[in-house]
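Rule-based calculations on the coordinates, nothing more; no lab input. Everything numeric in this text was worked out from a predicted model, so none of it was measured. Because the Cβ atoms are built from the backbone with ideal geometry, glycine has one as well, and the counts that use them run over all protein chains shown.
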Amino acid sequence: MKKTLTFKTLRGNNYLYSPAKNQFLLCHPIIPFLFLFERNGGDIDAWISSVQKNKIIDLPPYGLFPLTEIRHQRKKYRFLKKHHYFDSPPEINLNSKLSPERIIDNITTIKQVIFETTEDCNLSCTYCTYSKFYINKQRGKKKFNIPDAKKTLEYILNKRNPDHKELMISFYGGEPLKNFPFIKEIVEFLESGYKPTFSFKYNLTTNGLLLNRYASFLSKYSFDISISLDGDEKANSFRRLKNDKPSFTHVIRNTDYLKANYPEYFDEKVSFITVLHNKNSQAEVHRFFQSRYGKVPMVSGINTSNVNEQFREEFKQTFLSGISRDDQAPDHMHEMFLRHPVVREIADTLEKYSGFVYRSPRQLLARGSHRFDAKSYLPSATCLPFSIRVFLAADGSILPCEHISRIFEIGQIKNHEVIIDPDAIARDFNHYFEKIRPLCERCYRADNCKECVFNTRIETGDPFCEYFLDETSFARYFSQQFSTIELDYPLYLRIIDDAFREEK
Amino acid sequence: MLSGKKNKKVYYLSLDPYVHGAISDSQALLYNTLNKKVLTIRNDIGIITIISRLLQRENGGVIPVTEEELNLPATKKFIKEIRHHFMGDIFSSEWSGIKPINILPQPIIKFAPFSLKDNLHEITLHINEGPDPLIQSYQNAFYQFLFPKLTTGKIREMDLTIVRSLIKEFEGLPGLIINILGPSISSYPQIVELFKLLQKNRNHLKIFFPLHQIDPDFTRHFNQKTKLSLLVTYPIRSEDFQKLILFLHENKDWKTMEFIFIVRDPDEFEQSQKIIAQLGLERVSFKPFFNGHNLSFFKTHVFMTESDILNSKPDQKQVLSRYLLNDNDFGKITLLPDGSVYANVNDPALGNLEETTVTDLIKRESETRASWSRIRMNHEPCKHCVYHFLCPPVSNYEIFLKKFNLCHIEIA
Ligand code: SF4
Ligand code: SF4
């Protein structure tokens, strides 16, 4: 059960967070002392009457305080207690179950279908999940079979709810442009066969090596393109050609070509994906893309799951040692604002835990607390099958998304037939939820979870969640954010002014 | 001891985030939403300045004060009071290396794509409008509270297709409150179908009848979620009073009925009280009606005094909502027989259903919130008044009278 917790910032101010009130409170150091004293079974009144009058009392680690002040803070503590600051709210109910009907319904409104266009790639990046550093199987060369792809699209579109007109079609790889005929055929199949009943948006993630060749087709169909690039030449040095030469100059040449020849399209539809490691930093990457292309890249850390134990040390040495710290600089946070992970997290904390951010005007006008209800939820933040997307692998496997291991297959395309069994999928998912539930029930983040059950080693039967927060770590999480706000109050003001508005 | 050094010691004065405050030229007010304690400071510029600094956004409810300032008798007294009423505290800079912060008690409504469910909970349908000689002098009541729209022209009915399309648009919404008004509801041509349509979707229906139109037969259209509200105006004809007695006698359910006494002066107020006692009425309310000549009645019976305001004791959420929304109006729309739609009948129409859908019009209001966000802080003279967040949301009376301060407060 989530309890009130107190925390101290790096510079030493004390705060409390009350889940029952959903509010943070700056507090006098004696308040946490009294709260913890009582929580540990102490009798505050008995203790106060036992200390001598007019004495200065040492309350480690909070400091020295006169008895009169302790008495006053006792009153305040009681006042806050009377007004429910130390109540524990009802436990969040994580006992919901996924039903096969929900899955069937999801298929009719799915937002994105992702094809693994080909398993093959024309790069050989040092940190590729098919490199020696990961426990994945060898990269294959399979290409997606065109008739099977059409069959699957027919299966989905025939069931589609006509109110959900727009569907996103994504081409993933390997390097998707290595199987361009597939892309072309699928796009033409959809454009000629299913419009205007439905409308399609296309996107692909590419390493950029073949961009120049297919730019005219991609711009004609307004593909959203994400180019994987880690920054300047040095920053990009883990991304290498098959002959182990750096890929940087080739990618830059093609990107510049796109920019020069399709300037409007480039402005609107082209973005960058960057992996952070020890040869770049948020700040450098940000500067590079800003100055060269006027864009802000999507950044993510290097993938640390499924690392091959045999090479774990080398992995750390190669990619993680000496990671740059300039990212925490205030200037940089202001510059990146919500794209900066620290700023994003503060905004998230304010939204979920400050009690002052409301989902709708009605919620603000409704009487009573808005945070806790009697509904039951599924544990974790796993996307439900077909609720948002589906990943169709070149070998016929159907997976919840592109990030998930093949062992979590939710269907197959076999002998030109799409096999999806909602009962079996629901059974499997409920089994995973059953396994993670005890952990989530203890987690302070349970009502604000962002983690997917498939990232929690669920297959081992002994799940481990990197984002699990117990009381101590939850307090530390708040402490870090409040320490940042103490140093930079204008950043906090900007967050409350701008973070919750419509994104333009 | 080095006294010079001692005087340099800095403290931080902090206001708790459940405390709200306001300042005017020579007044300041702090209000604790937990224990409802109000602290008013008048004419003490030093303390008003401190409060004003505490309320400045960039200070975030925490300001540094020197030991010297702290030792000034007025400041000392003020801080003592703040601590005594649990509104804030004093922190020594020796406890930490940095100024502590507060999360500001400032409500934020997160952007979300428009949803009808979040923006609509009450619809008022004037299914007809026209003359009613018996209550014609109440023509302006329509602008002040829920009352039929009286005109001097011919009776005009709302086309049932409007209601049909409304119900279709609102399908799937949780039950709405639907108020039905008109100077002659019982003679609405398709009354049976109208009720059938409106009673769908678990809607709660409230039918507003002027007393003289009371019709015992009419309740046959009602279901469990349909309630009658009787509008009692003066003078009451004796035959109407007899009809009422008969109605109460014959109608087992009359206790669920609401009686709204519309009064213009102390006499009518007194008469109403007599009737209530005589008939043992339970669900009653009073609506003062401004007829252009009875401002003095309003001054005594409607205008708020300081103690009315202080006794309202809003909680934190009520105060927060008053920074952004008008709770009297938010989520409510009114439709007139000609298809025009209003967020507030005192404002220009949002549009007409001949040209667009009601969903679009609600969306428009949810974006501009011209009526739904009419808050005191944005209007003269309330915006200069320290009570602006304690006072109830701006009412139709104030909009109709074009006077936003129906109160006895002199703004200082
Ligand atoms: S963060 Fe991890 S442990 Fe916590 S609720 Fe989410 S999945 Fe469960
Ligand atoms: S009505 Fe306006 S002027 Fe009067 S007390 Fe309220 S806020 Fe002040």
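What's the longest piece of chain B with no exposed trypsin sites (Lys or Arg not before Pro), counting a site as exposed if DSSP puts it in a loop and it has at most 15 other beta carbons within 10 Å?
Working: sites that count: B:Lys8, B:Lys9, B:Lys36, B:Lys110, B:Lys154, B:Lys225, B:Arg237, B:Arg283, B:Lys402, B:Lys403.
The reported range is B:284-401.
Express in nm, to one decimal, how much length is gained between B:Glu380 and B:Glu68 on full extension, taking 0.36 nm for each residue of separation and deducting their alpha carbon distance. List each step's numbers first, then the result.
On the way: separation 312, 0.36 × 312 = 112.32 nm, distance 3.89 nm.
Result: 108.4 nm gained on full extension.
Taking the Cα centre of segment B:10-94 as origin, sum charge times position over the Cβ atoms of Lys and Arg (+1) and Asp and Glu (-1), and report the length of that vector in debye to the nearest 20.
Numbers: 9 positive and 10 negative charges, 80 e Å.
Taking the Cα centre of segment B:10-94 as origin, the dipole is about 380 debye.
Whole-Å semi-axes of the protein assembly as shown's equivalent ellipsoid, largest first, each the root of 5 times a Cα gyration tensor eigenvalue? Display every interim value, and only then the final one.
Numbers: eigenvalues 624, 381, 127 Å².
Listed largest to smallest, the semi-axes of the protein assembly as shown are 56, 44, 25 Å.
Antiparallel as a % of all DSSP beta bridges within the protein assembly as shown, to the nearest 5?
Values: 50 of 110 bridges.
Taking every DSSP beta bridge with both residues in the protein assembly as shown, the antiparallel ones total about 45 percent.
What is the spin-label model distance, in nm, from A:Asn303 to B:Glu122 if the labels are put 7 Å beyond Cα along the C-beta direction?
Inter-label distance under the simple model: 5.6 nm.
If you restrict to DSSP beta bridges whose two residues both lie in chain A, what percentage is antiparallel, to the nearest 5?
Numbers: 24 of 52 bridges.
Here the antiparallel bridges make up roughly 45 percent for chain A.
Can you put A:Thr304, B:Thr233 in order, fewest other beta carbons within 10 Å first? Please list the in-between numbers first.
Numbers: A:Thr304 14, B:Thr233 23.
Listing A:Thr304, B:Thr233 from fewest to most nearby Cβ atoms yields A:Thr304, B:Thr233.
Can you tell me what percent of all Cα-Cα pairs in segment B:117-231 are more than 26 Å apart? Don't skip to the end; give the middle numbers.
Values: 1115 of 6555 pairs.
Distances greater than 26 Å cover 17 percent of the Cα pairs.
When a/c is below 1.5 the answer is rounded, else prolate if a/b is larger than b/c, else oblate, so apply that to segment B:10-94 with a ≥ b ≥ c taken from the square roots of the Cα gyration tensor eigenvalues.
Numbers: a/c = 1.40, a/b = 1.19, b/c = 1.17.
Note, shape of segment B:10-94 comes out rounded.
Which whole number in µm²/s is D for segment B:1-148 by Stokes-Einstein, with the Kirkwood Rh taken over Cα pairs at 25 °C and 0.890 mPa s?
On the way: Rh = 19.5 Å.
Using the Kirkwood radius from Cα pairs, D works out to 126 µm²/s.
Go through A:Lys220/A:Lys279; B:Lys299/B:Lys402; A:Lys259/A:Lys316; B:Lys196/B:Lys243; A:Lys150/A:Lys220; A:Lys8/B:Lys317 and tell me which ones have a Cα-Cα distance over 25 Å in this structure. Intermediate results must be reported in sequence, preceding the final value.
Numbers: A:Lys220/A:Lys279 36 Å; B:Lys299/B:Lys402 15 Å; A:Lys259/A:Lys316 36 Å; B:Lys196/B:Lys243 27 Å; A:Lys150/A:Lys220 21 Å; A:Lys8/B:Lys317 28 Å.
From the list (A:Lys220/A:Lys279; B:Lys299/B:Lys402; A:Lys259/A:Lys316; B:Lys196/B:Lys243; A:Lys150/A:Lys220; A:Lys8/B:Lys317), the Cα-Cα distance tops 25 Å for A:Lys220/A:Lys279; A:Lys259/A:Lys316; B:Lys196/B:Lys243; A:Lys8/B:Lys317.
Average projected area of the Cα convex hull of segment A:170-252, in nm²? Present the calculation step by step, with values, prior to reporting the outcome.
On the way: hull surface 23.1 nm².
For segment A:170-252, averaging the hull's shadow over all directions gives 5.8 nm².
Taking the Cα-to-Cβ direction at A:Ile56 and at A:Glu441 and moving 7 Å from each Cα, how far apart do the two end points lie in nm?
5.0
How large is the translational diffusion coefficient of segment B:258-327 in µm² per second when you combine the Kirkwood radius over alpha carbon pairs with Stokes-Einstein at 25 °C and 0.890 mPa s? Mind dumping the intermediate values first?
Details: Rh = 14.5 Å.
Translational diffusion coefficient: 170 µm²/s.
When only DSSP loop residues count, what chymotrypsin sites (Phe, Trp or Tyr not before Pro) in segment B:86-192 have their Cβ near at most 16 other Cβ atoms within 10 Å?
Values: sites: B:Phe86, B:Phe91, B:Trp95, B:Phe111, B:Phe114, B:Tyr138, B:Phe142, B:Tyr143, B:Phe145, B:Phe170; in loops: B:Phe86, B:Phe111, B:Phe114, B:Phe145, B:Phe170.
When the chymotrypsin sites (Phe, Trp or Tyr not before Pro) of segment B:86-192 are filtered for loop state and at most 16 Cβ neighbours within 10 Å, B:Phe111, B:Phe114 remain.
Mind listing the lone cysteines of chain A, meaning no other Cys beta-carbon sits under 4.7 Å from theirs?
When partners are defined as cysteine Cβ atoms under 4.7 Å apart, chain A leaves A:Cys27, A:Cys121, A:Cys383, A:Cys401, A:Cys440, A:Cys443, A:Cys449, A:Cys452, A:Cys465 without one.
In square nanometres, what is one fourth of the surface area of the convex hull spanned by the alpha carbons of segment A:102-257?
Working: hull surface 42.7 nm².
Over all viewing directions, segment A:102-257 projects a mean Cα-hull area of 10.7 nm².
What FRET efficiency comes out for A:Asn158 versus A:Arg39 if R0 is 60 angstrom and r is the Cβ-Cβ distance? Round to the nearest 0.05.
Numbers: r = 60 Å, r/R0 = 1.00.
After rounding to 0.05, the efficiency reads 0.50.
Which trypsin sites (Lys or Arg not before Pro) does segment A:87-147 hold that lie in a coil by DSSP with at most 12 other beta carbons within 10 Å? Numbers along the way, then the final one.
Details: sites: A:Lys97, A:Arg102, A:Lys111, A:Lys132, A:Lys137, A:Arg139, A:Lys141, A:Lys142, A:Lys143; in loops: A:Lys97, A:Lys111, A:Lys132, A:Lys137, A:Arg139, A:Lys141, A:Lys142.
Of the trypsin sites (Lys or Arg not before Pro), the ones in loops of segment A:87-147 whose Cβ has at most 12 other Cβ atoms within 10 Å are A:Lys97, A:Lys132, A:Lys137, A:Lys141.
Among the listed pairs A:Lys75/B:Lys80; B:Lys117/B:Lys227; A:Lys269/B:Lys110; A:Lys201/B:Lys110; B:Lys76/B:Lys99; B:Lys227/B:Lys252, give every one whose C-alpha distance is greater than 18 Å. Numbers along the way, then the final one.
Details: A:Lys75/B:Lys80 14 Å; B:Lys117/B:Lys227 23 Å; A:Lys269/B:Lys110 27 Å; A:Lys201/B:Lys110 28 Å; B:Lys76/B:Lys99 21 Å; B:Lys227/B:Lys252 13 Å.
The answer is B:Lys117/B:Lys227; A:Lys269/B:Lys110; A:Lys201/B:Lys110; B:Lys76/B:Lys99.
Quick one: length gained pulling A:Asp470 to A:Cys383 fully straight, 0.36 nm per residue minus the C-alpha distance? Each step should come with its number before you reach the end.
Working: separation 87, 0.36 × 87 = 31.32 nm, distance 2.36 nm.
Taking A:Asp470 through A:Cys383 to full extension adds about 29.0 nm, to one decimal.
Based on the Kirkwood radius over alpha-carbon pairs, what is the Stokes-Einstein translational diffusion coefficient of chain B at 37 °C with 0.692 mPa s viscosity, in µm²/s?
Details: Rh = 24.6 Å.
Answer from the Stokes-Einstein relation: 134 µm²/s.
List B:Tyr387, B:Tyr323 from most exposed to least, where exposure is judged by having the fewest other Cβ atoms within 10 Å.
Values: B:Tyr387 24, B:Tyr323 17.
Ordered by Cβ neighbours within 10 Å, fewest first: B:Tyr323, B:Tyr387.
Which values of log₁₀ I(q)/I(0), to two decimal places, follow from the Debye formula for segment A:254-300 at q = 0.26 Å⁻¹ with a uniform point scatterer at every Cα?
So the normalised log intensities work out to -0.95.
Using only the Cα atoms of segment B:276-412, what are the Rg and Dmax in Å?
Rg and Dmax of segment B:276-412, Cα atoms, are 17.2, 51 Å.
How large is the convex hull of the C-alpha atoms of chain A per residue, in Å³? Don't skip to the answer; put the middle values down first.
On the way: hull volume 91.6 nm³, N = 504.
So the per-residue hull volume is 182 Å³.
If you filter segment A:344-449 for trypsin sites (Lys or Arg not before Pro), then keep DSSP loop positions with at most 10 other Cβ within 10 Å, what is left?
Values: sites: A:Arg344, A:Lys352, A:Arg359, A:Arg362, A:Arg367, A:Arg371, A:Lys375, A:Arg389, A:Arg406, A:Lys414, A:Arg427, A:Lys435, A:Arg442, A:Arg445; in loops: A:Arg359, A:Arg367, A:Arg371, A:Lys375, A:Arg445.
Passing sites in segment A:344-449 are A:Arg367, A:Lys375.
Using 0.36 nm per residue, how much length does the chain from B:Lys255 to B:Asp159 gain when fully extended, once their Cα-Cα distance is taken away?
Full extension of this stretch gives 31.3 nm more.
With the crude spin-label approximation of a point 7 Å out along Cα→Cβ, what separation in nm comes out for B:Ile245 versus A:Arg427?
In this crude spin-label approximation the distance works out to 7.6 nm.
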